[in-house]
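The values are calculated or read from the model by the stated rules, or taken from the named source; none is laboratory data. The shown structure was predicted, so the numbers you read here are calculated from the model rather than taken from an experiment. Note that each Cβ is placed from the backbone with ideal geometry, even for glycine, and that neighbours are counted across all protein chains shown.
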Amino acid sequence: MAGKTAKMKTSKAAPKGDAAERIVDAALVLAADKAWRDISLAEIAEAAGLSLADAYDIYPSKGAVLTGFARRIDRAVLAGQEQEDRGGSARDRLFNVIMRRFDALAPAKAGVGSIVCGQARDPVMGLCGLVSLARSMACMLEAAELSASGLRGIVRIKALSAIYLATLRVWLRDESPDLSRTMASLDRHLRRAEWLAARCSQLRHKHDKEAPAAA
């Protein structure tokens with residue numbers, strides 16, 4: 001009993017930010033060893049050296065833990081922003097940002113694979129994951145100096161989310177040291193999106209020119 005009391009006191013004395021990081025780290029380690037759907041919040045709390053009550057105060061669900069992880073990756077991408085990333089085309093900037101995201105994910109690749117698999121098999125968890133994904137992709141767009149606001153921003157977020165998920169599946173299977181398959185996939189999807197955007201812009205411009213004549 002005394003040992004449990006000491007553990008509780010230690011967890012409460014730990015800074016909240018540090019405890020939040022420990023919870024995310026513990027979840028990723030557990031996910032690397034077993035199916036995400038089989039992991040409980042209580043198990044994550046124990047692995048992080050916290051009581052369930054303390055962990056719940058920080059992350060009340062496994063979905064919240066994943067949101068915390070996503071925010072950690074978002075911060076890592078933004079912190080790695082280089083001055084040279086600001087040049088080039090929108091496609092080049094997005095390519096650099098998304099590849100920097102995969103670099104940030106790399107240490108937790110096994111856990112990420114388990115989580116992605118779990119979300120694919122659980123519609124509810126998958127929908128919750130899409131909400132977090134949309135926030136992250138909005139962040140990635142802003143990092144690439146592309147607005148994520150308004151109707152155009154919504155379209156961009158949806159398009160980038162689709163591109164990211166398609167490339168993520170390739171990244172999870174890519175064992176090459178230079179991630180050549182991942183880069184090729186991302187480049188292909190971004191070029192396709194760029195072509196579609198240009199085509200839509202041309203059609204819209206043509207429609208705007210023809211509209212007064214039709215009136």
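Okay, here's what the table says:
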{"read-out": "Pairs with Cβ under 6 Å, 6+ apart, first in the range 31-45 and touching a residue at least 12 places away in the same chain (Cβ under 8 Å) and closer than 22 Å to L105 by Cβ, second loosely packed, with under 13 Cβ neighbours inside 10 Å and of a type in the set (V, I, T)", "value": "none"}
{"read-out": "Filter result for L196 (part of a helix (DSSP H, G or I), modelled with pLDDT of 90 or more, exposed (fewer than 15 other Cβ atoms within 10 Å of the Cβ) and more than 21 Å from the chain's Cα centre (by Cα))", "value": "no"}
{"read-out": "Verdict on R101 being assigned to a helix (DSSP H, G or I), within 17 Å of T182 (Cβ to Cβ) and modelled with pLDDT of 95 or more", "value": "yes"}
{"read-out": "D187 acidic (D, E), part of a helix (DSSP H, G or I), farther than 21 Å from R71 by Cα and in the same structural domain as C117 (by TED's automatic domain parsing)", "value": "yes"}
{"read-out": "Boolean, F95 is at pLDDT 95 or above, under 24 Å from A198 (Cβ atoms) and not acidic (D, E)", "value": "yes"}
{"read-out": "Residues of the range 165-198 satisfying the condition of being under 11 Å from F95 (Cα atoms) and among the hydrophobic types (A, V, I, L, M, F, W, C)", "value": "M183, A184, L186, L190"}
{"read-out": "Options S132, S114, S136: the member that is closer than 29 Å to L30 by Cα, among the hydroxyl-bearing types (S, T, Y), assigned to a helix (DSSP H, G or I) and at pLDDT 95 or above", "value": "S136"}
